[in-house]
Structures are given as structure tokens and as C-alpha cells.
Amino acid sequence: MADVEFRSDVTVELVKHSASDADVIWAARVSTKGEQSLAEISADPERSAGLINFLMRDRHGTPFEHSTMTFYVHAPIFVFREFMRHRTFSFNEESGRYRELRPVFYVPAADRELVQAGKPGAYELFPGSAEQHRVVAEAARQAYHQAHAAYRAMLEAGVAREVARIVLPVGIYSSMYATCNARALMNFLSLRVRHPGAAFPTFPQREIEMVARKMEAAWAGLMPLTHAAFERNGRVCP
């Protein structure tokens, strides 16, 4: 039997992509210039940056759809359930019906805010006390150990994986591939990253923001002009 593992982080890896700023220029200029070569697109970087900024500013969104990025994400299931509200991604997640799920569980780190003040939709979070953090960590670990023991007991009794998994909590880690284009990713980031430069404030749960920030860092390296225009224009999805 595998040992129970506790984590407070997430894993995000860019596993494949076809994404560059040139993809945006190529798609946009077909409207006015027809088909162009990569050499023609790359000939004037300053003009390309200006065009991307114009498209972002005036919300001409479709040129940003001609790119693809596939990310591997390893995170708690409750993060995935928030993630999958973004229907412009394609998802494939590991299945508890067909494989035994690994006993990796989420316990918040010591800097995770714990105390909520205010009403739903208009509340703030504040750091918890040392005692509150102790209670959270101990209660979570105890519950995870108990849930995993029940899961293993059913498997060892010959119960099907799809039935045994019913006792596992949403704090267990799962893995998936998530594929999107740049426009879909910008929509995701506009909602799931809290940023002082955003035109529209957003207040994501910390754990999905951890995933979103890692995805943004990878994307910014692939499409720096597009990312810069996204930030310059208030992080509004075009």
C-alpha cells in the first residue's frame, strides 16, 4: 500500500504548443492583405506589436484563437471542478474507474488565508491564527488517512474502483491535460488571477490562482507581445 502524501502546491507543465505572436498577425492580416509568409510577418516587429495592441484594445478577439497550448495539471479535485467551469478548454482527466488513485492530498500552507469576513460574494479573507492553522492541518490529515483507509479496505475486499472511490474527498490530487487557445486562456486568467492592473477586479480562490499563475508564466514566454498587450489593456479578454 502506498504511503499517504500531503502537498500544499500544484504542478503545471506546458507539454506541447503551437503558439506564437506571429499566429495572431497571420490571422489578422488575412482580412486585409490575404495570405502572408512568416518572413513578411516578422519583418517589422514594432508594427506587429502595434497591431496586436490594436486588436486587444478594440477587442477583435478571433485572431487570438489561432494557437494551441496543452498543459499537464496535477492539483486537488476541488481545483479541477472550478477549472472546468471554463468551457473553452478541452479536458482529459485521470479516471478513478480505471486506475487506483494515488494517496496524495492537499493541506493548505501556513500562509494560506483561513478566516472569511463578510457575506457571500462580498467577503474578505484574513490570515488565520497559529491555532487555526494547526486545527486545519490536523483535521485534514486525519480525514485523509481515514478516507484512504476506507478506500483501500474496499479495494482489498474486491469492490470495483468506481465504487470504492466514493469515500475519497475533493482534497485528493488528480491529473489532467487541458488544451486551449490564447483567447480562452486570457478569459481564464482575467477571472482566476488577482492583479492590481486589471480593469475588472476578480477574487479567485487561492488554489486555482496558483494554477493560473503558472499557466500565465508559460504563455507569456511563448507570446510576449500578446501578453504585454493583455496587461497594457487591463487584462480584459478580447
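Any read-out appearing in this document is the output of simple, stated calculations on the displayed coordinates, not a laboratory observation. Since this is a predicted model, take the numbers as computed values, not measurements. We place every Cβ from the backbone using ideal geometry, glycine too, and count neighbours over all the protein chains shown.
Listed values, structure above:
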{"read-out": "Which label in (i) 1.11; (ii) 0.91; (iii) 1.22 gives the computed Cα Rg over 2.2 N^0.38 Å", "value": "(iii)"}
{"read-out": "Helical mean residue ellipticity (222 nm; -39500 (n - 2.57) per DSSP H run of 4+; nearest 500) of the chain", "value": "-14000 deg cm²/dmol"}
{"read-out": "Assigned charges on the beta-carbon of Lys, Arg, Asp, Glu; the chain dipole about Cα centre (debye)", "value": "480"}
{"read-out": "Relative contact order (%) - criterion: Cα under 8 Å, at least six apart; region: the chain", "value": "31"}
{"read-out": "Antiparallel bridge percentage (DSSP; both residues within region 5-232; nearest 5)", "value": "90"}
{"read-out": "Y98-T68 FRET efficiency (beta carbon distance; Förster radius 22 Å; 0.05 resolution)", "value": "0.25"}
{"read-out": "Cβ crowding within 10 Å averaged over residues, with 164-171, 68-75, 108-115 ranked highest first", "value": "68-75, 164-171, 108-115"}
{"read-out": "Contour minus Cα-Cα distance for K16 and A153 (0.36 nm per residue)", "value": "45.4 nm"}
{"read-out": "Fully extended contour minus Cα-Cα distance, from E231 to R57, at 0.36 nm per residue", "value": "61.6 nm"}
{"read-out": "Check: region 118-178 dipole with +1 on Lys, Arg Cβ and -1 on Asp, Glu Cβ, in debye", "value": "100"}
